[in-house]
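FYI, it's all coordinate maths here, none of it is from the lab. Keep in mind the model is a prediction, meaning the values are calculated, not measured. Glycine gets a Cβ as well: all are built from the backbone with ideal geometry, and neighbour counts include every protein chain shown.
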Amino acid sequence: MEKKSVFKRFLYSQKVAPYVFILPFILTFLIFFAYPIVSTIAMSFQKVAGDNTTFVGLKNYKMLMNPVFYKSLKNSIFYMIVSCALMIPIPMILATMLNSRHMRAKGFFRSMMFVPALTSVVVAGVVFRLMFGELEGSFMNQVLEFFGKDPVIWLRKPLTVWLALFVLCLWRWTGVNMMYYLSGLQQISGDLYESASIDGASSVQQFRFITLPLLKPTTIYVLTISIFGGLAMFTESYLLFNGNKSPNNVGTTIVGYLYRMGMEQNNIGIGSAIGVLLLVIVMVINVIQLGLNGTFKKGE
Amino acid sequence: MQKKNKVFSVLLFIFFILVVAVTMLPLILLLVSSFRPGSDLMRFGLNFDVNWATANVDNYKLLFSGQNNYFNWYKNSLLITVIQVVLALFLSACVGYGFAMYNFRFKNVAFACVLLVMMIPTEVIILPLYRLIIGMGIMDSMWGIMLPYIVAPMLIFFFRQYLSGISKEFLDAARVDGCTEYGIFFRIMIPLMKPSFAAMGIYQGMSSWNNFLWPMIVMRSQSKITLPVGLQSLMSPYGNNYDILIAGSCFAIIPILILFVCFQSYFIEGMTAGGVKG
């Protein structure tokens, strides 16, 4: 009895309580994050067969030096760069236009453009796969026909595959990114624009010298999520091609290759090596970004 | 000048009408196609050439007939979403509260870990996580889907941010009145946090409801899979399941759309919660 109350007092003390509160995070972090990271690093140097593992040194990494891996790496990086190039300026300009005082029914347009973000990647994938279907009557081929062009097999050649992937990305995320920019814009004081227009600044100049610099925190955030989202893209391609397969690997990404090696071919060692490389890329980008943001802060 | 503004305003309006039309097009396409037989889609492709004379609701009748797994998947998804939202909200609120209201050793290290989890795409650890779930014997169960993500870093971050706006004097006053540390959390803080629960519940609910890759890896039995995984499995190359696929996709969005119309501001706040960082 005495012991229990000591324990209880210990548990209820102000010193121990915070650790109790954060315990759920500590536990899940150790079990479902730290341990998997360590084990994936370990497995990347091993040959894994069931529970038996043998150390193989850098063999898994050497196996990765093959054209398919290079292609998937190139695809992921290309997707990341282009999606950043699309998903920052377009939502920013749309948000600025929507925020204009000449605009009516702002709330309506804002909500409507948010709707695609509510659909699951699967539903979006189903619609886009069928829209970009190879049949003559598939929607995108009908659009081509309208412009007097012959139907094409969209999901075969790189150019049209990328087009489909970027249209899908734009469709799903423009509304969300626009919302980030709208909340960024609302924090900019209207006085700035007023005094600028008294000084005779055109709306383009106002955008360039007031809006753009003051939206920088938003842009940094959108850039960050777009970089990591772009690098880890997999499900979009999986659904568009109805499986982790695309003609000539046009749509295979790093994560797609990881999934193919690790899950489909049960080659955990190589899959882990890909995971580690992806981790390294992500960490390098993080460090670069933290460095850049740090220097920006010093400059301000 | 005034006239010029008027013209500008009209042009802007027309422009956004067009943007919204393009945005809604895929969903409208999906909706009108759900009234056509699946074999039509297979033969002619997904398009707007609907013959309204033959349009019918047979696909929906089939969907509701109970001769397929659709509502089983729906139920699975709903159950997982509800449980995960409740648990993730509660646990993440505890953690966020711990970070916001106390000073303790290793606090900065622990919080750096939260940020680390947020920064690293979960796909990096999908293989070891898969092996771990097998090792723990929770493959093919909903705990396998939920446990690894039961405490959400995003939610911790948001709750911490939200609570940092609440005065700590509350705590001291409550302590003087003899409230325990946990009593403060349950009796005082949780009621104060209600508005943030709504937004975060929607954030977590949307990600659980729409989650695809991890549930696909964890679930094996046809009867246990979630709605997105089930819908994907209908996308066979022969198109013999298109009746259910299209109507089922529509019916997966409709409840969310209704909720969105009712709780719009919470949706927008919840799904753009990351923006508070900026």
Measure off 7 Å from each Cα along the Cα-to-Cβ vector at B:F71 and A:F108, then give the distance between these two points in nanometres to one decimal. 3.7
So, in nm, how far is label B:F15 from label B:Y238 when the simple model puts each one 7 Å beyond its Cα toward the Cβ? 5.1
Based only on other Cβ atoms within 10 Å, what is the fewest-to-most ordering of B:E123, A:E236, A:E145, A:E194? A:E194, A:E145, A:E236, B:E123
What distance in nm lies between label points placed 7 Å from Cα along the C-beta direction at B:I190 and B:L25? 4.9
Scoring chain B by relative contact order with C-alpha pairs under 8 Å, at least six apart, yields a percentage of 31
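Nearest 500 deg cm²/dmol is fine: what mean residue ellipticity at 222 nm does chain A get from its DSSP H runs of n ≥ 4 alone, each adding -39,500 (n - 2.57), divided by its residue count?
Values: 16 runs with 200 residues, N = 300.
Value at 222 nm, helices only, nearest 500: -21000 deg cm²/dmol.
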In whole Hz, the Karplus estimates of ³J(HN,Hα) for the range A:221-229 (6.51, -1.76, 1.60; θ = phi - 60°; x where Gly or Pro) are 5, 4, 4, 4, 5, 5, 4, 6, x
Going 7 Å from the Cα of A:V56 toward and past its Cβ, which residues in the range A:233-275 have a backbone nitrogen under 11 Å from where you end up? A:267-273
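Lys and Arg at +1, Asp and Glu at -1: add these up for the other residues within a Cβ distance under 14 Å of B:I145 and post the number.
Values: positive: B:R220, B:K224; negative: B:D140.
Result for the neighbourhood of B:I145: +1.
Once you average over the residues of B:201-212, how many Cβ atoms of partner chains fall within 10 Å of each Cβ? Numbers along the way, then the final one.
Values: counts 0, 0, 0, 0, 0, 3, 1, 0, 2, 8, 4, 8.
Counting other chains' Cβ atoms within 10 Å and averaging over B:201-212 gives 2.
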Expected max-MSF residue from A:L130, A:L30, A:L58 in the GNM of chain A (alpha carbon, under 10 Å) is A:L30
For the range A:100-225, shape from the Cα gyration tensor axes a ≥ b ≥ c, cut at a/c of 1.5 then a/b versus b/c, turns out prolate
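Suppose a student asked you for the relative contact order of the range B:68-233, using Cα pairs under 8 Å spaced at least 6 residues apart; what percent would you report? Numbers along the way, then the final one.
Details: 133 pairs, mean separation 77.9, N = 166.
Result for the range B:68-233 is 47 percent.
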Any residue on another chain or 5+ positions along whose placed amide H is under 5 Å from the amide H of A:Q46 is listed here as A:V56
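So what is the relative contact order for the range B:142-278, in percent, with contacts set as C-alpha pairs under 8 Å and at least six apart?
On the way: 57 pairs, mean separation 42.4, N = 137.
31 percent.
Report the local net charge at A:K149: Lys and Arg +1, Asp and Glu -1, summed over other residues whose C-beta lies under 15 Å from its C-beta. Let's see the in-between values first.
Values: positive: A:K157; negative: A:E134, A:E136, A:E145, A:D150.
Value of the local net charge: -3.
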Net charge near B:V10, counting Lys/Arg +1 and Asp/Glu -1 over other residues with Cβ under 14 Å of its Cβ? +4
Per the rule of 0.36 nm per residue minus the C-alpha distance, extending A:E134 to A:M65 adds in nm 21.5 nm
So which of A:K8/B:K107; A:K149/A:K245; A:K71/A:K157; A:K15/B:K107; A:K15/B:K168; A:K106/B:K6 end up more than 18 Å apart by C-alpha? A:K8/B:K107; A:K149/A:K245
What list of ³J(HN,Hα) values in whole Hz, one per residue of the range B:179-194 in order, does the Karplus curve 6.51 cos²θ - 1.76 cosθ + 1.60 (θ = phi - 60°) give from phi, with Gly and Pro shown as x? 7, 7, 4, 7, x, 4, 4, 6, 8, 9, 6, 4, x, 5, 8, 3
